[in-house]
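A.B. asks: One structure follows; several queries about it will come next.
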Amino acid sequence: MIVASTGEQLGVLKLSDAIRHAQGLGLDLVEVAPTANPPVCRIVDYGKFKYESSKHDKEKKNSGSKLKEIKFRVNCAEHDYETKMRHAEEFLDKGNKVRVQLQYRGREMAHQELGMALMARVKRDLVTMANVEQEPKLMGKSVTMTLAPLPAAKRKRHFLSDHDLPPLEDSDGPDEDEEDDE
């Protein structure tokens, strides 16, 4: 199958006819899908083709995930925990990896089980958004865990912010609580 530089399909041609046609236009015959049946070739400028394919490869390489970090303390208030979980879900939703770090200070080191329980809770709460890439690990005065996002189709958020929620529907009629005093 031969495709012209304009994108127009020229159909199935013999190799010699396709090369002659490409040379007549001052262009090259490039095989783009060798495994297809019949193989697909394009009539293009080879230098331009190589440049565009290398540019495409660089774009794919640069779109890799970044590593975002969320820091906790052992005594974390419930609202703070939910806010940090919401941020972690946003990062994972965008395809970034998340490093969860728990910092111990002073006497908190005597109660490391509280920190490990918090890390287990984080892992449990984000199971629908991420896989654990590195299990919680104690290094000095901190515990670190790395999470990698699940494929986009398998992600399901739990900690939604106010702007992510659907608007409440207002009813135009009277409420059930109100009584008519007429």
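The values are calculated or read from the model by the stated rules, or taken from the named source; none is laboratory data. Model, not experiment: these values are computed from the prediction. Cβ sites come from the backbone with ideal geometry, for glycine too, and all protein chains shown count toward neighbours.
A.B. asks: Can you find a residue in the stretch 85-96 that is modelled with pLDDT of 90 or more and touching an Asp or Glu at 6+ places or on another chain (Cβ under 7 Å)?
C.D. replies: Yes; the residues of the stretch 85-96 include at least one that is modelled with pLDDT of 90 or more and touching an Asp or Glu at 6+ places or on another chain (Cβ under 7 Å).
A.B. asks: If you don't mind, another one. If I filter the stretch 11-33 down to residues being among the aliphatic types (A, V, I, L, M) and exposed (fewer than 15 other Cβ atoms within 10 Å of the Cβ), which single residue comes out as farthest from Asp45 (Cα to Cα)?
C.D. replies: Filtering the stretch 11-33 for residues that are among the aliphatic types (A, V, I, L, M) and exposed (fewer than 15 other Cβ atoms within 10 Å of the Cβ), the one farthest from Asp45 (Cα to Cα) comes out as Val12.
A.B. asks: What are the pairs with Cβ atoms under 7 angstrom where one residue, in the stretch 108-122, is without any contact (Cβ under 8 Å) to a residue 40 or more places away in the chain and the other, located anywhere, is loosely packed, with under 14 Cβ neighbours inside 10 Å? Sequence gap at least six, or different chains.
C.D. replies: Met109/Lys141
A.B. asks: Among what's in the stretch 124-143 and is closer than 19 Å to Glu113 by Cα and crowded, with 18+ Cβ neighbours inside 10 Å, pick the residue that is farthest from the chain's Cα centre (by Cα).
C.D. replies: Here the residue is Val143.
A.B. asks: Only one of Val74, Val44, Val100 is touching a Ser or Thr at 6+ places or on another chain (Cβ under 9 Å) and more than 18 Å from Gly7 (Cβ to Cβ). Can you tell me which?
C.D. replies: Selected residue: Val100, the only one of Val74, Val44, Val100 that is touching a Ser or Thr at 6+ places or on another chain (Cβ under 9 Å) and more than 18 Å from Gly7 (Cβ to Cβ).
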